[in-house]
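Chemist: Quick one: this structure, given as structure tokens, is what I'll be asking you about.
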Amino acid sequence: MDQKTFNNPGIPALAESKKFNEFHLSRFIGDLFCKLKMHNLFRPVLPVFHKLAHISKLSEWISRHTPANYNDFFTLQYNYESRIKLYEAIFSSQHLNLPINYLEFGVAGGNSFSWWHVNNTHPDSTFYGFDTFTGLPEDWGIFKKGHFSTNGNVPNLDDERCIFIKGLFQNTLHNFINKTSFKKRNVIHIDSDLYTSCLFVLATLASKIKPDDILIFDDFKMEHSEFSAMINFMDSFHFAYEVIGAANNYSHVAIRILQTKREE
Ligand SMILES: C[S@@+](CC[C@H](N)C(=O)[O-])C[C@H]1O[C@@H](n2cnc3c(N)ncnc32)[C@H](O)[C@@H]1O
């Protein structure tokens, strides 16, 4: 510990100081709020504040990230098929026809998954698809728990490079990591909608993600979803990244990992 840090009086001294300061005020307001159970008063307006905070944060983030490989911002025409243009753009600009470790979280009937195994024809590539295959494990906005279920059926693909891992990510991913090599370039595609699922996947894969790996998010900008999980993950794990593609006004976003450690 250096001398400066050692001599720094820190929070206990601020808290015990006789002079009323910002720290006392913030603590007092917080304590009073909890004592009076004021969350009951604010509950009806909280969704509006949450939405405002979310859209402001997203807007600020978008203004700082202009993708190099593909971008249709600003478009008035929402077209779900634009995500395919995003895949095509990053596939060619990032040379993704080499051996890759493709991991898709949220496969359902296999629409996006199929694009990747059909287009990457390299015999040494592997394609892993994770899903409950019984639908969303939680409600997500208008989509209720169980939505997207395929009744437990995995996509029927005639390609032995494809492997499906059935179950909650939270129950399957640790075991998968312990027996899988992550030496190839990883393309990690998150299409599981939920904030909880996205954050769990990123945090659990953190030690396996390396510079130059690609992350794709399919429902990026929705509230309680992938944008919030991604920035919370990047901040907490000190990863640096660049945005390489965005389709449908940043609904689908691709990023490339630059660094997985920050200088001390
Ligand atoms: C929007 S769908 C995927 C759509 C698919 N990628 C496509 O292009 O058609 C989202 C999927 O995420 C899955 N999912 C979400 N959270 C999950 C979790 N924690 N564990 C396993 N599957 C999850 C759901 O079961 C659902 O099938």
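The values are calculated or read from the model by the stated rules, or taken from the named source; none is laboratory data. From a predicted model like this one, the values you see are computed outputs, not experimental measurements. Glycine also receives a Cβ, built like all others from the backbone with ideal geometry; neighbour counts cover every protein chain displayed. Note: areas computed on protein heavy atoms with side chains; ligands, DNA, RNA excluded. Shrake-Rupley method; radii C 1.70, N 1.55, O 1.52, S 1.80 Å.
Chemist: For Cα pairs less than 8 Å apart in space and 6+ apart in sequence, what is the mean separation divided by the residue count of the chain, i.e. the relative contact order in percent?
Modeler: Relative contact order here is 20 percent.
Chemist: Based on the Cβ-Cβ distance from Arg43 to His65, what FRET efficiency comes out when R0 is 30 Å, to the nearest 0.05?
Modeler: According to the calculation, E is roughly 0.35.
Chemist: Further question: Skip the ligands, DNA and RNA, and give the accessible area per residue of the chain with a 1.4 Å probe, whole Å².
Modeler: On a per-residue basis, 58 Å².
Chemist: Once the other residues with Cβ under 9 Å from the Cβ of Tyr70 are scored (Lys, Arg +1; Asp, Glu -1), what is the net sum?
Modeler: Overall, the nearby charge balance is -1.
Chemist: Below 17 Å, Cα to Cα, which lysines can Lys179 reach? Residues fewer than 8 away in the same chain don't count.
Modeler: Partners within reach: Lys166, Lys208.
Chemist: Okay, moving on. Just the number, please: percent antiparallel of the DSSP beta bridges in segment 68-259, rounded to the nearest 5.
Modeler: Given both bridge residues lie in segment 68-259, the antiparallel proportion sits at roughly 35 percent.
Chemist: Now, a different point. Connecting C-alpha atoms closer than 10 Å in a GNM of the chain, tell me which of Ala246, Ala229, Ala13 has the biggest fluctuation.
Modeler: Ala13
Chemist: Given springs between every Cα pair under 10 Å in a Gaussian network model of the chain, which of Gly129, Gly245, Gly110 has the largest fluctuation?
Modeler: Maximum among the listed residues: Gly110.
Chemist: Sorted by accessible area with a 1.4 angstrom probe, largest first, how do Leu32, Leu41 fall?
Modeler: Leu41, Leu32
Chemist: Within the chain, what is the longest stretch that has no chymotrypsin sites (Phe, Trp or Tyr not before Pro) placed in a DSSP loop and near at most 15 other beta-carbon atoms within 10 Å?
Modeler: Longest gap between qualifying sites, sites excluded: 81-181.
Chemist: Can you pull the one-decimal nm distance between simple spin-label points at Glu81 and Glu22, each 7 Å off the Cα toward Cβ?
Modeler: 5.4
Chemist: While we're looking at this one, here's another question. Filter the chain for me: DSSP H helices, axial length by Cα at least 18 angstrom, mean Kyte-Doolittle hydropathy not below 0.0. List them by residue number.
Modeler: What comes out of the filter, once short or polar helices are dropped, is 22-35, 46-64.
Chemist: Of the heavy-atom accessible surface of segment 1-159 (probe 1.4 angstrom), what whole percent is carbon and sulfur?
Modeler: The value for segment 1-159 is 60 percent carbon and sulfur by accessible area.
Chemist: Now for a different question. Scan segment 5-94 for trypsin sites (Lys or Arg not before Pro) in coil per DSSP, keeping those whose Cβ has at most 10 other Cβ atoms within 10 Å, and list them by number.
Modeler: Taking segment 5-94 and a limit of 10 other Cβ atoms within 10 Å, the loop trypsin sites (Lys or Arg not before Pro) found are Lys18, Lys19, Lys37.
Chemist: Follow-up. Taking the Cα centre of each part, how many Å lie between segment 77-144 and segment 169-217?
Modeler: Using only Cα atoms, the two centres lie 13 Å from each other.
Chemist: Related question: Suppose each label sits 7 Å from its Cα in the direction of the beta carbon; what would the Phe237-Cys34 distance come out to in nanometres?
Modeler: It works out to 3.1 nm between the two label points.
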